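The structure appears below as structure tokens.
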Amino acid sequence: MNNGQAYLFDLDGVIVDTARFHYLAWKRLANQLGFEFTEKQNEALKGISRMDSLEIVLKAGQLTLSPEEKLKYASEKNAYYLELCSRMTPDDVLPGVLDFINKARNKGIKIGLGSASKNARTILDSIDMTRHFDTIVDGNRVKNSKPDPEVFLLGAQDLGIAPAGCVVFEDAAAGIEAAKRAGMKTVGIGDPAILGAADLVIPGFAGLKSVDLIKIQP
Ligand code: B16
Ligand code: MG
């Protein structure tokens, strides 16, 4: 460990708006199984692993399935999701993200990804962002999903930066909790009503001023 700094980014809803695609894919599965699934209910799925998300969706529809059926439906949802993602290009990177990462890198700040998604590398490749990360921790590497701090602690460890030197950028309440439990500073991207536990909440990276970030520098 050293005294350096790292920025750890969530993927879905922070780098790219795939959170919307996750919702549409879960809704399609729920409708197929005969019930509705609203955007409000979907909020609880953000940052949560695929199988844990399925449990929440099935509970919403009051359905009980066998382990084999669960695997089958989780895989169907993922196919719907990847179909929606397949048309993504570098133009889909959310406004201001790349500029923000480049400026941080020029200041010597390390850049990591901390995502619950098993599709993270596929998505980063399709938007040409893989090369901007010094480390990638995704759903294939972690055993415990957010709000467990594992994903961010692994990222800090990969980068050789102490947790106290890390700032996490997250769009999910579960992700903010994970980062806080890791002992890191937190920036919520989105609605302050949902992300109120974060040290700072911003609507997005476009127009973000360094003066805002000074408030949460480690
Ligand atoms: P997958 P993040 C999370 O990604 C999503 O927020 C969450 O909705 C999703 O269920 C989870 O990844 C697993 O994704 O099915 O692609 O493995 O926000 O942590 O980048
Ligand atoms: Mg997210």
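Note down the net charge around Ile189, summing +1 for each Lys or Arg and -1 for each Asp or Glu among other residues with Cβ under 9 Å from its Cβ. Write down the numbers at each step before the final one.
Numbers: positive: none; negative: Asp10, Glu170, Asp171.
Combined, the nearby Lys, Arg, Asp and Glu give -3.
Positive end of the charge dipole of the chain (Lys, Arg +1 and Asp, Glu -1 on Cβ, about the Cα centre): tell me which of Val57, Ile189, Leu71 has its Cα farthest that way.
Working it through, the farthest residue towards the positive pole turns out to be Ile189.
Hey, quick one: spin label on Ile56, modelled 7 Å out along Cα-Cβ, who in the stretch 168-193 has an amide N within reach, i.e. under 11 Å?
The answer is 172-175, whose backbone nitrogens lie closer than 11 Å to the label point.
Set the Förster distance to 22 Å, then compute FRET efficiency between Gln157 and Asp199 from the Cβ-Cβ distance, nearest 0.05. Present the calculation step by step, with values, prior to reporting the outcome.
Numbers: r = 22 Å, r/R0 = 0.99.
So, using R0 = 22 Å, E works out to roughly 0.50.
In degrees, nearest 10, range 0 to 90: what is the angle between the Cα axis of helix 50-60 and the longest Cα principal axis of the chain?
It is inclined by approximately 50 degrees.
As a quick test, which of the pairs Lys110/Lys215; Lys103/Lys215; Lys59/Lys185 have an alpha carbon distance above 25 angstrom in this structure? All intermediate terms of the calculation are to be shown ahead of the outcome.
Numbers: Lys110/Lys215 19 Å; Lys103/Lys215 17 Å; Lys59/Lys185 33 Å.
In this structure, Lys59/Lys185 exceed 25 Å between Cα atoms.
Using 0.36 nm per residue of separation minus the Cα-Cα distance, give me the extension gain between Ile216 and Asp125 in nm, one decimal.
Numbers: separation 91, 0.36 × 91 = 32.76 nm, distance 3.02 nm.
Full extension from Ile216 to Asp125 adds 29.7 nm.
Looking at the chain only, what percent of DSSP beta bridges run antiparallel? Nearest 5 please. Please report the intermediate quantities before stating the final value.
Values: 1 of 21 bridges.
Roughly 5 percent of the DSSP beta bridges within the chain come out antiparallel.
Per DSSP helix of 4 or more residues, -39500 (n - 2.57); summed, then divided by the residues of the chain. What does that give at 222 nm, rounded to the nearest 500?
-12500 deg cm²/dmol
What whole number of Å gives the distance from the Cα centroid of the stretch 127-145 to the Cα centroid of the stretch 8-64?
Centre-to-centre distance over Cα atoms comes out at 20 Å.
Since every read-out is calculated from the coordinates, none of them should be taken as a lab result. Source: prediction; values computed, not measured. Cβ coordinates were reconstructed from backbone atoms using ideal geometry, including for glycine residues, and neighbour counts include every protein chain displayed.
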